[in-house]
Amino acid sequence: MTARDISGFAGLAERQATEELEIELLLEALYQRFGVDFRDYGRDRLRERLLAQVAARGLATLSSLQERVLHEGGVAEDVVRALGVPPAPLFDLPDDTRRLRTALGDSLRPTALPKVWLAEPAGVAEAWTLAIVLAEEKLYARTQVFATVGSDEQLARMRVASLPEAELTSSQSHYMASGGSGRLADYFEISNGEARLLPRLRERITWAQYSLVTDASFNEFHGIVCRRALPDFGPLLRQRVLRLFRDSLSLFGVMGLDRELESTDAGVEDYQPLFGDGGWYKRVR
């Protein structure tokens, strides 16, 4: 190896170390100034999304992005949105939604007043997908859904959110593939090209700000669904959240995760798989 090669490797290592420090400082700034905690998220996804924000603004460094976050209105909200769970269309995962129908239907039916926690959903569409499924399973009138997001800004958006009317048509085939048998548009009110879930269905969803990173268990639930946020978490944070879900799930309640539990995951011995795949579990002890 030549001196030039050694120098090149040293320069690359120095740039990577500087970039890692910039990420740490930016995440700390988001936490200290705005109360949004991404510090224990997986670094690869965070780095990719932060660098995309740098490129989109024509900036040279992550430090420049941090300066904008702290001093330029709206930038922090954009970065938090980019680091969070990206929005998804209605019924975008029909196979998983079919499992959700079965898992929640079987679990909630014997329960007088079931409660379901939807943690960090992929936008309002995931919450509305859940509401429609529960309505079709004849469970929604007595079920309370708690949908939680990590920031006040997200919470404000979810409470007034709507979807393009065209999404109802484009999502119809996925809705049918998930086990739906009607017309998706019948569950919505339409105005000026925008669609909102019918009020009688929206009123059963309680939106709240809640941090999976720092907050404690806040209720006992008969169902917990977190299919979108967990892939972004680092190993320690994932285990923390799995312990939180274990503490929040009632005996014989069901839980839907992003993937199958591993033998070293927190609380794995307390669950029984519901399907051959798909990350759905029943708490059995």
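What follows draws every value from the coordinates through simple rules; no lab data is involved. What you see is a predicted model, and the numbers here were worked out from it, not measured in a lab. As a convention, Cβ positions derive from the backbone with ideal geometry for all residues, glycine included, and neighbour counts pool all protein chains shown.
Remarks
- If you wrap the tightest convex hull around every Cα atom of segment 145-265 and split its volume per residue, you get 147 Å³.
- Where the alpha-carbon atoms of segment 3-83 are placed on the principal axes, they occupy 46, 27, 18 Å, in descending order.
- Estimated FRET transfer efficiency (ASP92, LEU113; beta-carbon r; R0 30 Å; 0.05): 0.55
- Our summary gives the chain a relative contact order of 18 percent, counting only alpha carbon pairs under 8 angstrom and 6 or more residues apart.
- Dipole size of the chain about its Cα centre, with +1 on Lys/Arg Cβ and -1 on Asp/Glu Cβ: approximately 820 debye, rounded to the nearest 20.
- Highest-first arrangement of 77-86, 208-217, where packing means the average Cβ count within 10 Å: 77-86, 208-217
- Charged-residue dipole, Cβ positions (Lys, Arg, Asp, Glu), segment 105-183 about Cα centre, Debye nearest 20: 340 debye
- Checking every one of the GluC sites (Glu not before Pro) in segment 130-233 against DSSP loop status and a limit of 11 other Cβ atoms within 10 Å picks out GLU203.
- The slack between ARG159 and ALA208, meaning 0.36 nm per residue of separation minus the straight C-alpha distance, is 16.7 nm.
- For the chain, with +1 on Lys and Arg beta carbons and -1 on Asp and Glu, the positive-most of VAL284, MET158, GLN16 along the dipole: VAL284
- Both numbers refer to the Cα atoms of the chain; Rg and Dmax are 21.0, 74 Å.
- Dipole of segment 1-120 computed with +1 at Lys/Arg Cβ and -1 at Asp/Glu Cβ about the Cα centre; of VAL116, GLY74, LEU50, farthest Cα towards the positive end is VAL116.
- Rounded to the nearest 20, the size of the Cβ-charge dipole of segment 8-132 about its Cα centre is 460 debye, with Lys and Arg at +1 and Asp and Glu at -1.
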